[in-house]
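S.K.: Handing you this structure, nothing more for now.
None of the figures in this text is laboratory data; all of them are computed from the coordinates on show. Note that this is a predicted model, so its numbers are computed, not measured. Every residue, glycine as well, gets a Cβ built from its backbone with ideal geometry; the counts of neighbours run over all protein chains shown.
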């Protein structure tokens, strides 16, 4: 989904094994939470901005583009996919002929930093909205499909995808692609592993969001669903109605757009940014419940990146428009605290996009234009 053009006012999806929680009294389908997110002014003071990460400036006159995806591997190396082509006319001086100044040039799309903030991997491929690291230490980059690499950037394989592309995406007009197509059709917008079951859950952004589950080894399709657990074949055609917080949430029977996800224990969390909501499913696609964060948010919407706290009891939910990270109690689906604020200084956000967590419980955040950066918040 195209982001609003704004300069001042502006989801890893990551898989994780976690405790399983059912809400004590979560909101019923079609109702609003009893407390709106911005009514929670409590700041999570146990997460402290760390200005030493990553080490800057980057080598080779490189600079960041918009950070689309974040992941942390088993060695606590922080991986990111960013958009090199975001380098604009106020930053590209060293790339001109002749150069006008000492910095900057485009960095490779994939960068990785150790815990000291030192750049340890840098290689190029098509940047993606998703980056995952599997137990085999392979790097999965989700763009128009999944491409799987070694950590050194050697291509291992490419995930199969639909040979037909929707009209308007560089493809000639053709027959409509069925909603029930059991392949990635447009692009990978969210994903998460269930390694115990050898499954990868994928959000394909065709028709504003479909959940597809594939075998991690054979890439064979296994099952899929839409909003509220509806069969893929019943997902409605585009366009989607514009979200209005005054309308009952169940009016929006399909995902609204810019959808990300996370598997946590037996729960599958799907963040539907354009509707300010998170829907929860079983692994078989049965709808369990939904809740909202900042439900009066319009424009690009709120809920985007998802991650788990170290103890697995709360969710981090990155909020793209309000530019905070909300902590949501998994037992109650209620917002309990917030991290950050709208701003360009360290610890602030502008166009917050994705979040990830390391083994120590430290939080990493990625922003797209205009801030174009990754930040770390240390858990005290």
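S.K.: Got the relative contact order for the stretch 58-123 handy, in percent, Cα pairs under 8 Å and 6 or more residues apart? Can you show the working numbers first?
M.R.: Working: 128 pairs, mean separation 20.7, N = 66.
Relative contact order, the stretch 58-123: 31 percent.
S.K.: Assuming 1.002 mPa s and 20 °C, estimate D for the chain with Stokes-Einstein, Rh taken as the Kirkwood radius over Cα pairs, in µm²/s. Walk me through the intermediate numbers first.
M.R.: Values: Rh = 20.7 Å.
Rounded, D is 103 µm²/s.
S.K.: List 70, 56, 212, 119 from most exposed to least, where exposure is judged by having the fewest other Cβ atoms within 10 Å. Don't skip to the end; give the middle numbers.
M.R.: Numbers: 70 28, 56 12, 212 23, 119 17.
Neighbour counts put them in this order, fewest first: 56, 119, 212, 70.
S.K.: Here's another thing I want to ask about it. Between residue 379 and residue 215, what is the label-to-label distance in nm when each label sits 7 Å out along the Cα-to-Cβ direction?
M.R.: It is 3.6 nm.
S.K.: Can I ask one more? Alpha carbon centre of the stretch 176-252 versus the stretch 260-289: separation in Å?
M.R.: 11 Å
S.K.: What is the distance in Å between the Cα centroid of the stretch 353-380 and that of the stretch 76-150?
M.R.: What the calculation gives is 16 Å, centre to centre.
S.K.: A follow-up question, please. How would you rank 314, 81, going from fewest to most other Cβ atoms within 10 Å of each one's own Cβ?
M.R.: On the way: 314 21, 81 27.
Arranged by neighbour count, lowest to highest, 314, 81 become 314, 81.
S.K.: Something else now. For the residues 238, 80, 216, 354, what sequence is obtained by ranking on other C-beta atoms within 10 Å, fewest first? Present the calculation step by step, with values, prior to reporting the outcome.
M.R.: Details: 238 11, 80 24, 216 19, 354 32.
The most exposed by this proxy come first: 238, 216, 80, 354.
S.K.: Expressed as a rounded percentage, what relative contact order does the stretch 174-257 have, with Cα pairs under 8 Å and six or more residues apart? Don't jump to the answer; show the numbers that get you there.
M.R.: On the way: 134 pairs, mean separation 20.3, N = 84.
Relative contact order here is 24 percent.
S.K.: Enumerate the residues in the stretch 107-140 having an amide nitrogen under 11 Å from the point lying 7 Å beyond the Cα of residue 360 toward its Cβ.
M.R.: Residues 115-117 fall inside that zone.
S.K.: Would you mind getting me the FRET efficiency between residue 310 and residue 138? Use the beta-carbon distance for r and R0 = 41 Å, nearest 0.05. Present the calculation step by step, with values, prior to reporting the outcome.
M.R.: Numbers: r = 25 Å, r/R0 = 0.60.
The calculated FRET efficiency here is 0.95.
S.K.: Relative contact order of the stretch 272-380: what whole-number percent is it, with Cα pairs under 8 angstrom and at least 6 residues apart?
M.R.: Values: 262 pairs, mean separation 18.3, N = 109.
Computed value for the stretch 272-380: 17 percent relative contact order.
S.K.: Can you tell me the length gained on complete extension of the stretch residue 123 to residue 251, counting 0.36 nm per residue apart and subtracting the Cα distance? Write down the numbers at each step before the final one.
M.R.: Numbers: separation 128, 0.36 × 128 = 46.08 nm, distance 4.41 nm.
Full extension from residue 123 to residue 251 adds 41.7 nm.
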